[in-house]
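The values are calculated or read from the model by the stated rules, or taken from the named source; none is laboratory data. Every value quoted in this text rests on a predicted model; they were computed, and no experiment measured them. Cβ atoms come from the backbone with ideal geometry, glycine included; neighbour counts cover every protein chain shown. Accessible surface is based on the protein model in full, side chains and every heavy atom, while ligands, DNA and RNA are left aside. Shrake-Rupley method; radii C 1.70, N 1.55, O 1.52, S 1.80 Å.
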Amino acid sequence: MRIVVMSDSHRLFGPLQKIVEAQPEADIFIHLGDSETGCSRLEEMYPDKKFYFLRGNCDFNSELPGFLVIPLENKHRIFATHGHRYGVNWTKTELIDAAISNRCDIALYGHTHERCNSYENGIHILNPGSCSCPRDGLAPSYAYIDVVGDGIFKSHISL
């Protein structure tokens, strides 16, 4: 199973379309917020794809959820959020605690526009960076998770 994770597109639709077209075999696409537009357009253009969208701090008046728990078919569970309400600019402690309290072993977040791929306290943590305006000196990016059996592999891809 492949899960593609993107965040912080900030009204730019081109990177979103490029990501979806670059990953035709992906099972799930998750946008972690601050899209401000384009989510419904992706669903219209790719009706055969499974999308999850979250609200970010720049998604004003959005009815999207602030976090999601996504159970996967092989006992893994994803806690996905934008991250701004979990103090991710300073520490991952609140994010990890939220994942643990929701019985998740994968935590996804955005907001910082900086890539992160780590493992702490039994939680696989992933920030895809920003697909439009990174702040870490690296190219715009997204990430993916491959779940094979009980194993999890996470990586970033530059646009």
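Contact map, region 84-101: first residue free of Cβ contacts under 8 Å to residues at least 12 places away in the same chain, second residue open to solvent by less than 80 Å² (accessible area, probe 1.4 Å) and aliphatic (A, V, I, L, M), Cβ cut-off under 9 Å, separation 6 or more or different chains; pairs are Gly87/Leu95; Glu94/Val88. The C-beta contact set for region 47-64 (first residue closer than 16 Å to Gly110 by Cα and of a type in the set (A, V, I, L, M, F, W, C), second residue outside any loop (DSSP other than H, G, I, E, B) and modelled with pLDDT of 95 or more, distance under 7 angstrom, 6+ apart or interchain) comprises Phe53/His31; Leu54/His31; Leu54/Phe67; Leu54/Leu68; Leu54/Ala80; Leu54/Thr81; Leu64/Phe53. One residue stands out in region 126-159 among those that are assigned to a strand (DSSP E or B) and either among the polar types (S, T, N, Q) or touching a Cys at 6+ places or on another chain (Cβ under 6 Å) (or both): the one that is surrounded by the fewest Cβ atoms within 10 Å (Cβ to Cβ), namely Ser155.
Determine, yes or no, whether Gly14 is surrounded by fewer than 19 Cβ atoms within 10 Å (Cβ to Cβ) and on the phi > 0 side of the Ramachandran plot. Here the answer is no, as Gly14 does not meet what is asked. Note on region 66-88: residues that are loosely packed, with under 15 Cβ neighbours inside 10 Å and modelled with pLDDT under 95 amount to 3. Note on region 1-23: residues that are within 22 Å of Ile106 (Cβ to Cβ) and outside any helix (DSSP H, G or I) total 10.
The set of residues in region 110-125 that are in contact (Cβ under 8 Å) with a residue 60 or more places away in the chain and open to solvent by 10 Å² or more (accessible area, probe 1.4 Å) contains only His111. Checked against the criterion of being modelled with pLDDT under 95, of a type in the set (S, T, N, Q) and farther than 15 Å from Val5 by Cα, region 109-127 has no qualifying residue. Scanning region 44-62 for residues that are exposed (fewer than 14 other Cβ atoms within 10 Å of the Cβ), acidic (Asp, Glu) and assigned to a loop (DSSP other than H, G, I, E, B) yields a count of 1. Filtering region 10-29 to residues that are among the aliphatic types (A, V, I, L, M), at pLDDT 95 or above and within 18 Å of Pro134 (Cβ to Cβ) leaves Leu16, Ile19, Ala22. In the condition set (1) at pLDDT below 95; (2) not in a loop (DSSP other than H, G, I, E, B), Glu36 is compliant with all but (2).
Considering region 30-59, the residues that are among the small types (Gly, Ala, Ser) and out of contact with any Leu (no Cβ under 6 Å at 6 or more places or on another chain) include one that is farthest from Val20 (Cα to Cα), namely Gly56. When Arg41 is tested against the conditions (1) in a helix (DSSP H, G or I); (2) closer than 24 Å to Phe79 by Cβ; (3) at pLDDT below 95, the lone failure is (2).
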